[in-house]
1. What pairs from Lys84/Lys114; Lys29/Lys130; Lys130/Lys252; Lys104/Lys201 go past 27 Å between their alpha carbons?
2. Could you pull out the trypsin sites (Lys or Arg not before Pro) across the stretch 1-94 that fall in loop regions by DSSP (anything but H, G, I, E, B) with no more than 12 other Cβ atoms inside 10 Å?
3. Taking the Cα atoms of the stretch 27-72 alone, what are Rg (to one decimal) and Dmax (as a whole number) in Å?
4. Once a ≥ b ≥ c are taken as the square roots of the eigenvalues of the Cα gyration tensor of the stretch 22-133, is the result rounded (a/c under 1.5), prolate (a/b larger than b/c) or oblate (a/b not larger than b/c)?
5. Tell me which trypsin sites (Lys or Arg not before Pro) from the stretch 216-259 have a DSSP coil assignment and no more than 15 other beta carbons within 10 Å of their own.
6. Heavy-atom accessible area per residue, the stretch 43-125, 1.4 Å probe: how many Å²?
Amino acid sequence: MDTLTLETIRNAQAKDIEAVTEVVKATEKRIKALAAKAAVSADQREEFEQVARIAAWEAIDRFSGDSVDAFFAFMHRTAETTIKDAARIEKNQGATGADHDALKTYRLCLEEAKGDHDLAEMLCQTHPKKGRRLSADRAHAARLAFEGPVSLDMQNGEDGASFADMIASDYGVPDDLVEASDLAAEQRDNKVALVRAIIAKMGEKQATILRARWGIDPSTFLGRGADADEILAEMLSTKPGTVRVLRNQAHKSFASRYTKVTGLTPCECNKCESHRRAEGVSL
């Protein structure tokens, strides 16, 4: 019988070691059951249990429910998704040539990119620390291990058409029906996702200033001028003059990161930023 309490869960979220230990222990039975169901060998079962334990431990802080039942449901989803990912990756690893270090880096970037594989493949080539960054080939191999390689030339048994012949384009309609508006929307969504991901990797103060200056969720658009600087200074417990210095540093840092990811020159990055609102790109 489960004896875990909501108070223990809250204490675990507050980094109480005894509470964390109790929470992890309470999820062990469920993790073992999920791992046993997915594994085909004892070694694989132990591997799945381990990755699920780590995922469960890391997920404690993300729980926002208000009952123990909700917590167990949340942990079950977390462990189940993690084990399914591990099983799929292990199955695809031999076919794609992805190595374990590359897979770990890609997983972190995929979380940062909110599940966007295009953005994750781009981020893991630029954002990890030196020595952890992936080459284009390793990044693509890791992506295939997560997605699973699919042959576009594989023929359909019914009429001989290939998979590439049958699928719609990335825009949700057949390629011959794609319009300029579809392309523009795709470019806009990619730009928004990239901007959000880059700002999320910056320091807290710089990220807060940029979000407020451009109205990027979850911040409110404060505009420009002395009033905005005073509001930000109060939010950050500093002075308006310091806010102006931090804003200048934040813009330079963002431009540098954006350049590394996109390959654009600093001039082109500045143009993208200065024209973003004029083009109606809301973040």
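1. Details: Lys84/Lys114 18 Å; Lys29/Lys130 39 Å; Lys130/Lys252 20 Å; Lys104/Lys201 18 Å.
As for pairs spanning more than 27 Å Cα to Cα, those are Lys29/Lys130.
2. Details: sites: Arg10, Lys15, Lys25, Lys29, Arg30, Lys32, Lys37, Arg45, Arg53, Arg62, Arg77, Lys84, Arg88, Lys91; in loops: Lys15.
Taking the stretch 1-94 and a limit of 12 other Cβ atoms within 10 Å, the loop trypsin sites (Lys or Arg not before Pro) found are Lys15.
3. My reading of the Cα-based Rg and Dmax gives 12.0, 37 Å.
4. Values: a/c = 2.36, a/b = 1.36, b/c = 1.74.
Oblate shape, in that a/c is at least 1.5 and b/c is the bigger or equal ratio.
5. Details: sites: Arg224, Arg244, Arg247, Lys252, Arg257; in loops: Arg224.
When the trypsin sites (Lys or Arg not before Pro) of the stretch 216-259 are filtered for loop state and at most 15 Cβ neighbours within 10 Å, Arg224 remain.
6. Values: 4430 Å² over 83 residues.
Per-residue accessible area for the stretch 43-125 comes out at 53 Å².
The values are calculated or read from the model by the stated rules, or taken from the named source; none is laboratory data. For clarity, every value in this text was computed on a predicted model and none was experimentally measured. Glycine gets a Cβ as well: all are built from the backbone with ideal geometry, and neighbour counts include every protein chain shown. These accessible areas exclude ligands, DNA and RNA; they are computed on the full protein's heavy atoms, side chains included. Shrake-Rupley method; radii C 1.70, N 1.55, O 1.52, S 1.80 Å.
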